[in-house]
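Asker: The structure's right below; bear with me while I get my questions together.
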Amino acid sequence: MSKQQDATDTMQDDGTRPRSGSTVADGTTADGTTAELSRRRLLGTVGAAGAAGLVVGGAGGALGASAAQADAPEALSTIGATEVPFRTTGAKHQAGITTPLQASGHLVAFDLAAGAGRKEAAALLRRWSRTAEELMAGRTPQADTGVALDAGPSSLTVTFGLGRSFFDRTGLTGRRPVQLDPLPAFSADALDPRRSEGDLWVQIGADDALVAFHALRALQKEAAGAARLRWQMNGFNRTPGATAHPMTARNLMGQVDGTNNPKPSEPDFDRRIFVGADTAQEWMRGGSYAVVRRIRMLLDDWEKRSRTEQERVIGRRKDNGAPLTGGTETTPMKLDATGPDGLPVIPANAHARIAAPEANQGAALLRRPFSYHDGFRDDGAPDAGLLFVCWQADPLRAFTQLQRKLDRGDALSPFLRHEASGLYAVPPAPSDGDYVAQPLLEG
């Protein structure tokens, strides 16, 4: 619970703020008056103290007292106040690619409405770009729903992509990049076409769930008459500040996930992740390609395995993500190391070994997923897993190459089912006054 919520919960039943004065242990204020603790106030105070006990142990009492003393809402925390610009001077790519993972997200695909073409698509992307810029700055657009009126931008990002079918619908087939050629079929695929592909794709991320939902509703309203919803998937990650120290995210299998992600500081990062100046499609220079997969994890089967078995499937320790050959999470794997039995310490079919860039001619992609949980299936198994989103300059040389290799013998594959898929061209960030994909649609 945030401090702002704590302060809200200390209001009296009639909606007014309690009188000032610190509350002491016997329930009276410092000036001798009796504290009027309504049930709402009591629950708010106990909830704050309980949460503090869970998160920071012995500091719980102090935080609980602070909540009882609050007279007015406090300013936004750094989480709520953090803004990610829609346009940044010198930046070539859209937000939401190299932005740190947010706590809440939505992946949404739209199809252009019947009869809509290039003109309608341009008008929609113009509206979407304007709305996204307003929301990411923490401003309220016209005809707003009011869902997030009292919230800051909360690291909101909105990222737009174009599917293969978009180019057919807009008469731009001749300008469709070859990188949007359909992905091949893989053995773990159980794809639902109703939850795959789409003319337009939108990725929304924020560190506050209401802010993310607000953006989703605003964009859906803007699409009315021009595009209809094809599919929507909702995800989450660990909230910033939930761990004692910064660390790579964990997935629902409990594994540290994303250790080998390329870093923007690496000299070849841009070449691997973003489209270069040598592309035949000028409108994609500085853009990237997103592969989106809904991957259900067979958690009941996975959780029956011992920790040792799980670590051998992955090739890394579960507690800190270090390779089985020793060190820390960032220690390079010793792929040639063998144990007393003469067998590789990191098994030949371990996921980390097969997916390692050094085992794939340097092929790399930037993973930026969300976890999801959509309840339970008819057999009682959790419908949960990973909304896998990866970024690369060329899907054929990155995702397709790696997935083909994983498909041939990855020890993790029996615990996964790929249930939806999409591939999208994500144009660069628009220049001042422009909208996303304007050079394509008006060029």
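Asker: Condition test on residue 276, is it at positive phi and surrounded by 11 or more Cβ atoms within 10 Å (Cβ to Cβ)? Even if it seems obvious, please write down each step before you answer.
Answerer: On the way: at positive phi: no; surrounded by 11 or more Cβ atoms within 10 Å (Cβ to Cβ): yes.
It is false that residue 276 is at positive phi and surrounded by 11 or more Cβ atoms within 10 Å (Cβ to Cβ).
Asker: Let me ask something else about it. Condition (residue is closer than 18 Å to residue 346 by Cβ and of a type in the set (Val, Ile, Thr)) applied to segment 252-275: is it met by at least one residue?
Answerer: Within segment 252-275, one or more residues are closer than 18 Å to residue 346 by Cβ and of a type in the set (Val, Ile, Thr).
Asker: Looking only at segment 167-196, count how many residues are more than 24 Å from the chain's Cα centre (by Cα), among the hydrophobic types (A, V, I, L, M, F, W, C) and open to solvent by less than 40 Å² (accessible area, probe 1.4 Å).
Answerer: Total satisfying the criteria: 3.
Asker: On to the next question. Step by step: first the residues of segment 311-347, then only those that are among the polar types (S, T, N, Q) and under 28 Å from residue 244 (Cβ atoms), then the one that is most open to solvent (accessible area, probe 1.4 Å). Which residue is that? Steps first, please.
Answerer: The first filter runs over segment 311-347 and keeps only residues among the polar types (S, T, N, Q), leaving 320, 325, 328, 330-331, 338.
Next, from what is left, pick out any that are under 28 Å from residue 244 (Cβ atoms): 320, 325, 328, 330-331.
On the way: 320: 58, 325: 32, 328: 79, 330: 119, 331: 42 Å².
Checking each candidate, the answer is 330.
Asker: Would you check if there is a residue in segment 335-345 being under 27 Å from residue 101 (Cβ atoms) and in a loop (DSSP other than H, G, I, E, B)? Show your work before the answer.
Answerer: Our first condition is that a residue be under 27 Å from residue 101 (Cβ atoms); within segment 335-345, this holds for none.
No: zero hits.
Asker: Test each condition in (1) within 25 Å of residue 302 (Cβ to Cβ); (2) free of Cβ contacts under 8 Å to residues at least 24 places away in the same chain for residue 191 and report the one that comes out false.
Answerer: The number of the failed condition is (2).
Asker: Take the residues in segment 212-250 that are among the basic types (Lys, Arg) and farther than 15 Å from residue 127 by Cβ, then tell me which one is surrounded by the most Cβ atoms within 10 Å (Cβ to Cβ).
Answerer: Pass one, segment 212-250, residues among the basic types (Lys, Arg): 217, 221, 228, 230, 238, 250.
Applying the additional criterion that residues be farther than 15 Å from residue 127 by Cβ yields 228, 230, 238, 250.
Details: 228: 15, 230: 20, 238: 13, 250: 17.
Per the criteria, the residue is 230.
Asker: Residue under question is residue 352, and the condition is that it be in contact (Cβ under 8 Å) with a residue 24 or more places away in the chain, buried (at least 20 other Cβ atoms within 10 Å of the Cβ) and assigned to a loop (DSSP other than H, G, I, E, B); does it hold?
Answerer: Working: in contact (Cβ under 8 Å) with a residue 24 or more places away in the chain: yes; buried (at least 20 other Cβ atoms within 10 Å of the Cβ): yes; assigned to a loop (DSSP other than H, G, I, E, B): no.
No: the conditions fail for residue 352.
Asker: Could you tell me whether segment 382-401 includes any residue that is at pLDDT 95 or above, part of a strand (DSSP E or B), under 23 Å from residue 97 (Cα atoms) and of a type in the set (Gly, Ala, Ser)?
Answerer: Looking through segment 382-401, at least one residue is at pLDDT 95 or above, part of a strand (DSSP E or B), under 23 Å from residue 97 (Cα atoms) and of a type in the set (Gly, Ala, Ser).
Asker: A further question on this structure: Is there any pair with a first residue in segment 304-323 that is on the phi > 0 side of the Ramachandran plot and a second that is crowded, with 16+ Cβ neighbours inside 10 Å and assigned to a strand (DSSP E or B) whose Cβ atoms are under 6 Å apart and which are 6 or more apart or on different chains, and what are they?
Answerer: From segment 304-323, the pairs are 321/256.
Asker: I'm trying to understand the selection: among the residues of segment 154-189, which are of a type in the set (A, V, I, L, M, F, W, C) and farther than 22 Å from residue 230 by Cα?
Answerer: First, the residues of segment 154-189 that are of a type in the set (A, V, I, L, M, F, W, C): 156, 158, 160, 162, 166-167, 172, 178, 180, 183, 185-186, 188.
Within segment 154-189, 156, 178, 186, 188 qualify.
Asker: Please specify each residue of segment 252-273 satisfying the condition of being open to solvent by 60 Å² or more (accessible area, probe 1.4 Å), within 25 Å of residue 315 (Cα to Cα) and charged (D, E, K, R).
Answerer: Listed by number, the residues that qualify are 263, 266.
The values are calculated or read from the model by the stated rules, or taken from the named source; none is laboratory data. For clarity, every value in this text was computed on a predicted model and none was experimentally measured. Cβ sites come from the backbone with ideal geometry, for glycine too, and all protein chains shown count toward neighbours. Quick note on the areas: whole protein, heavy atoms, side chains included, nothing else; ligands and nucleic acids left out. Shrake-Rupley method; radii C 1.70, N 1.55, O 1.52, S 1.80 Å.
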